[in-house]
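As structure tokens, the structure follows; a few thoughts come after it.
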Amino acid sequence: MVDQLSLDIYQGEFFALLGPSGCGKTTLLRLIAGLERPNAGRVLLDGVDLTPEPPYRRPVNLMFQNYALFPHLNVEANVGFGLKQEGLAKREIGRRVADMLALVKLEGYGARKPHELSGGQRQRVALARSLVKRPRVHLLDEPMAALDKKLRGETQFELMELQRQVGLTFVIVTHDQSEAMTLAHRIGVMDRGRLMQVAPPADVYERPDSRWVADFIGDVNLLEGRLGDDRVSIEGTAAGRLRVAAEAVAPAGAMVWVAVRPERVRISRQPPLPGLDNCVAATVVDIGYFGDKSVYKLRIRDGSLLKAAINRGADGDGAVGVGEQVWLTWPPEAARVLTR
């Protein structure tokens, strides 16, 4: 379901729709493609209303999650199928198919059947088939869901380069946060049919505009308190009195939440200097090792748990262990006040 949603996507943009399962992102993609009809509102492309147009008359193309390749046709026939349906000359079809196979780095694979290809190669065939008709907008529904983690990472950068080369508008649906952060110029974060925030990846991560977005995107520490008279101090949190760098847009005394990403939290065995902002004693209760970093789970004085993510290079042999008493600190500019 999509509920009272309004969204502008720019020409030549790589835009990602991100959200949990059932949030409406695929429905929105199908509305753009014409596979669903809205009960109200319009779908506009350069000011032209596409809402009454059937899918085959819209200058958009949708690449499905399962690729939907014809198993009995070879690669060349799969890629050129749409052009053949449009009645293009055989020579023109051959030229455009060859150009597209070269673009997706599948030269020499034209005679193969889909079952003779790897998962990544089948995905490229599906991309080529979608792009060969030169759509104005290219829609992708979880296009890398069937690929293993390593291949997904490699394919993401290939997809970014392909989008730059063809210069089309790409709209991708994904529930993978790292995928959206890697690929997109902007991300639309959705929940229960509504857009919660639309912004570049760095803004969504560093400057979420609600607790829901902050909690959904990556790990975050959220501390509730009351905004002080100066609009930069927060009183009565589980970690005591906190301070932020930017003045909050809320009345003094309002209930607010301070969001701090784990990688911005510092751990020290040494007590901090008196009067240091954003400082709390904690006990290490668990440590997760992830190769490039370690994530510490820490309990503070009221029993609440906080997380800190420490780069292994900065960790070294002096890393703290489970059960140790430590001090947690973070700079005021690392904290963001959320009012909703």
DSSP beta bridge pairing in the chain, given as percent antiparallel to the nearest 5
70
Between 0 and 90°, nearest 10: helix 119-131 axis offset from the chain longest Cα axis
70
Stretched fully, the stretch from LEU273 through GLN65 gains (0.36 nm per residue minus C-alpha distance, one decimal, in nm) 69.4 nm
To the nearest 20 Debye, how big is the dipole of the chain about its Cα centre, given +1 on the beta carbon of each Lys and Arg and -1 on that of each Asp and Glu?
900
Stretchable slack from HIS175 to LYS105, in nm (0.36 nm times residue separation minus alpha-carbon distance)
22.5 nm
Extension reserve of the ILE287-ASP302 stretch, reckoned as 0.36 nm per residue once the Cα distance is removed
3.4 nm
Antiparallel DSSP beta bridges within the range 113-199, percent to nearest 5:
50
Expressed in whole Å with the largest first, what are the equivalent ellipsoid semi-axes of the chain derived from the C-alpha gyration tensor as the square root of 5 times each eigenvalue?
48, 25, 14
Stokes-Einstein diffusion coefficient of the range 1-135, Kirkwood radius over Cα pairs, 25 °C, 0.890 mPa s, in µm²/s:
148
Express the relative contact order of the chain as a whole percentage, based on alpha carbon pairs under 8 Å and six or more residues apart in sequence.
17
Filter the trypsin sites (Lys or Arg not before Pro) in the range 202-300 to those in DSSP coil with at most 11 other Cβ atoms within 10 Å of their Cβ, and list the result.
ARG269
Direction-averaged shadow area of the convex hull around the Cα atoms of the range 219-338, nm²?
7.2
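Rounded to the nearest 0.05, what FRET efficiency do HIS72 and LEU7 give with R0 = 35 Å and r taken as the Cβ-Cβ distance? Could you check? Please list the in-between numbers first.
Details: r = 39 Å, r/R0 = 1.11.
After rounding to 0.05, the efficiency reads 0.35.
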Can you tell me the orientation of helix 90-103 relative to the chain, as the angle in degrees between its alpha-carbon axis and the longest Cα principal axis, to the nearest 10?
20
Would you please state which residues of the range 326-340 a label at ARG207 would reach in this model, taking the label point 7 Å out along Cα→Cβ and a backbone N cut-off of under 13 Å?
336-337
Taking the Cα atoms only, what angle lies between the long axis of helix 75-85 and the longest principal axis of the chain, rounded to 10 degrees?
70
Highest to lowest packing among 319-331, 40-52, 212-224, scored as the average C-beta count within 10 Å:
212-224, 319-331, 40-52
Using the Cα centre of the range 1-138 as origin and beta-carbon charges of +1 (Lys, Arg) and -1 (Asp, Glu), tell me which of LEU127, LEU18, LEU28 is placed farthest towards the positive end of the dipole.
LEU127
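Quick note: the coordinates plus some simple rules give every number you see, no bench work behind them. Small disclaimer: the values here were computed from a predicted structure and weren't measured. We place every Cβ from the backbone using ideal geometry, glycine too, and count neighbours over all the protein chains shown.
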